[in-house]
Amino acid sequence: MKHKIHNIVILGTLLLASCTDLGVNEDTGSMPDSDEFNAESVLALRAEQSPDNVVSMAFTYGEGQQTSKIYLQATRPAENNIIVDFSCTDNDIVKQYSEQTGIEYKLLPAAYYSFGNGNYINMQRGAVQSEVNTLTVSARTSIGDILEPGRYLLPVVGTSLTQELSDSTVLVDVTVRESYTDPDGYELYTGEDMFTVFYLNTTEYDPRLANDMILEIYDSKSNSYSHSGIGNIVNLRTASVGYDSSTGKVSVTPSADLRYVLEHYAERIQPVQDSGRKVCICIEGGGQGIGFCNFTDAQIDDFVASVKRLVDTYPLDGINLWDRNSGYDKAEENGFPTMNTTSYPKLITALREALGPDKLLTVVDYEEPTEYFHDIQATGGVEVGQYIDYAWSGYCNGSEPVQIVDPWHQGMSPVSDLHPRKPIAGLDAKYYGCIHATWYTGEDTAQSEKISDWVQNGYRQSGISVFYDIRSIRQDKFEGSIWAWPSYILERLANNNTLSFSVFAGRLRPDYDPSNPNYNQYDKWVKDW
């Protein structure tokens, strides 16, 4: 039997619509119309979190395994028990999909996948959805065989002796990459004395820009140079709080550009992770008056579930919470609760439980949403610092001098008096970033001597520094300024008179080619979609 690939998308989309329109009517005062009631039940094979039934998985050579949940969905309760068997050996589908996508796929060998409950799935009489069967794909077998780099396709085709499936195929698209090695041999610096955090705006740049952030260090004592990668955490912007007015549910909503990057994870995100950098999603407010500080308990559950789905669907290293632009001043007029001091701590607690200990959960300390995190009575007894990995200042206005926001030395010069903060309860000072600067900084706002004073006074307790919206070399007013790059901050934090720092520019622009009239164009890794 031939399986048409285009049916996966078309019929899958129609099925999702029909599931919404033809669901069980819970209003006992009305009945579905006769056509709807008498229609034959439509049965389809589905992959969780994949409306088009195409599941993408990405691996580094010899590393890791991933899972996908597969189930049956019907438009009406099943009249009888249904068994659907799986076949995964159809090379015709692989060939057809290769032609359709322009990518040369090979059939995924059987040794690298398995089903948790056997190669079939059951739907019980009276059910509209079956229990899930978990498909596990591994880059390495139990006896040590390794899946070679390349593109593989696993077509999971369902057949039933008793009922035709309107959508019978789930495609698992597997990418295996070579292990990452830096082209210049520059390894990421991982010492606690210099731990750097980046933000990257996906409306402008590809995440792979982070891999070209190299710090060049000159030691005048030995007259030698060394190079290290920087950017231990890369926070991709922007996702926001989405609100569905018809259901009252909230969810994490990536921007169109961030969604594109996520959907091209293997190409654009995994190389950054392979370099040792942790890639997280920055989640902000949605401007509608609802946010982390006024969720109901039910909305916390909904939001946590949506974050968990996002992190699991795309193998991200965690999330960064920055409660800004939520529009809480519009909450009451838009029908939302006012801000309170227990919602955000509850959310953080629930996120930590859902994400587990291996995913990063970081928080930006900024304005009212976090100003009470020092007071465990206000937070309902929650020591927020016990549930997060890192926190850092959110004050990074490029038009004002770089601020040292140090909650442990408030009131002491040169700590900022513009943005007074108190320590987050339960958080060790070594996990708090006191300096957050924009990537480009003018000489009149750098005031780097304040950083030197802060270090020399013995106030520095953390190696964390944060840099907002990294960018490639551009032909603009900042280029050529010694203050344009974050190296001046890192140099002052190092407090070593024999060392001078600079960001290595060679990796941030295409190689010059005099035969090419556009050879002097900059903006490497600029958005290309």
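Applying a threshold of 7 Å to beta carbon distances and a minimum spacing of six or more residues, or different chains, the list of pairs starting in the stretch 361-389 at a residue that is on the phi < 0 side of the Ramachandran plot and ending at one that is modelled with pLDDT under 95 and not in a helix (DSSP H, G or I) is empty. With respect to the conditions (1) basic (Lys, Arg); (2) open to solvent by less than 40 Å² (accessible area, probe 1.4 Å); (3) out of contact with any strand residue (DSSP E or B) (no Cβ under 7 Å at 6 or more places or on another chain), Arg474 lacks only one, and its number is (2). For first residues located in the stretch 283-297 and over 11 Å from Asn334 (Cβ atoms), partners that are open to solvent by 10 Å² or more (accessible area, probe 1.4 Å) and β-branched (Val, Ile, Thr) and lie 6+ apart or on another chain with Cβ distances below 6 Å form the pairs Ile283/Val252; Glu284/Thr238. Exactly one residue out of Gly118, Gly150, Gly102, Gly126 is touching a Ser or Thr at 6+ places or on another chain (Cβ under 9 Å) and either open to solvent by 40 Å² or more (accessible area, probe 1.4 Å) or not aliphatic (A, V, I, L, M) (or both): that is Gly150.
When Ser220, Ser226, Ser240 are screened for being open to solvent by less than 40 Å² (accessible area, probe 1.4 Å) and among the hydroxyl-bearing types (Ser, Thr, Tyr), only Ser240 passes.
Taken together, the criteria exclude Leu321 from residues that are over 24 Å from Ser246 (Cβ atoms), in contact with a Lys or Arg (Cβ under 9 Å, 6 or more places away or on another chain), buried (at least 20 other Cβ atoms within 10 Å of the Cβ) and hydrophobic (A, V, I, L, M, F, W, C).
Out of the residues in the stretch 253-265 that are hydrophobic (A, V, I, L, M, F, W, C) and open to solvent by less than 20 Å² (accessible area, probe 1.4 Å), state the one that is nearest to Cys293 (Cα to Cα).
If we filter the stretch 253-265 for residues that are hydrophobic (A, V, I, L, M, F, W, C), which is where we start, we get 256, 258, 261-262.
Filter once more, so that each one left must be open to solvent by less than 20 Å² (accessible area, probe 1.4 Å): 258, 261-262.
On the way: Leu258: 24, Val261: 29, Leu262: 27 Å.
In this case the residue turns out to be Leu258.
With a cut-off of at least 1 residues that are modelled with pLDDT of 90 or more, name the helices (runs of 4 or more DSSP H) lying wholly within the stretch 413-503. Don't jump to the end; show me each part of the working.
Working: elements: 443-446, 448-456, 487-494.
Fully inside the stretch 413-503 and qualifying: 448-456, 487-494.
Go through Glu353, Glu400 for me and flag whichever is in a helix (DSSP H, G or I), loosely packed, with under 15 Cβ neighbours inside 10 Å, without any contact (Cβ under 8 Å) to a residue 60 or more places away in the chain and not β-branched (Val, Ile, Thr). It is Glu353.
Can you tell me which of Val311, Val304 is open to solvent by less than 40 Å² (accessible area, probe 1.4 Å), within 21 Å of Ala354 (Cβ to Cβ), modelled with pLDDT under 95 and not charged (D, E, K, R)?
Numbers: Val304 fails: modelled with pLDDT under 95.
That would be Val311, the only listed residue that is open to solvent by less than 40 Å² (accessible area, probe 1.4 Å), within 21 Å of Ala354 (Cβ to Cβ), modelled with pLDDT under 95 and not charged (D, E, K, R).
Of all residues in the stretch 106-130, those that are at positive phi have Cβ atoms under 9 Å from Cβ atoms of residues that are in a strand (DSSP E or B), 6 or more apart or on another chain, in Gly118/Phe86; Gly118/Asn133.
The values are calculated or read from the model by the stated rules, or taken from the named source; none is laboratory data. Since the model is a prediction, treat every value here as computed from it, not as a measurement. So basically every Cβ, Gly included, is an ideal-geometry build from the backbone, and we count neighbours across all protein chains shown. The accessibility values were calculated without ligands, DNA or RNA, using every heavy atom of the protein model including side chains. Shrake-Rupley method; radii C 1.70, N 1.55, O 1.52, S 1.80 Å.
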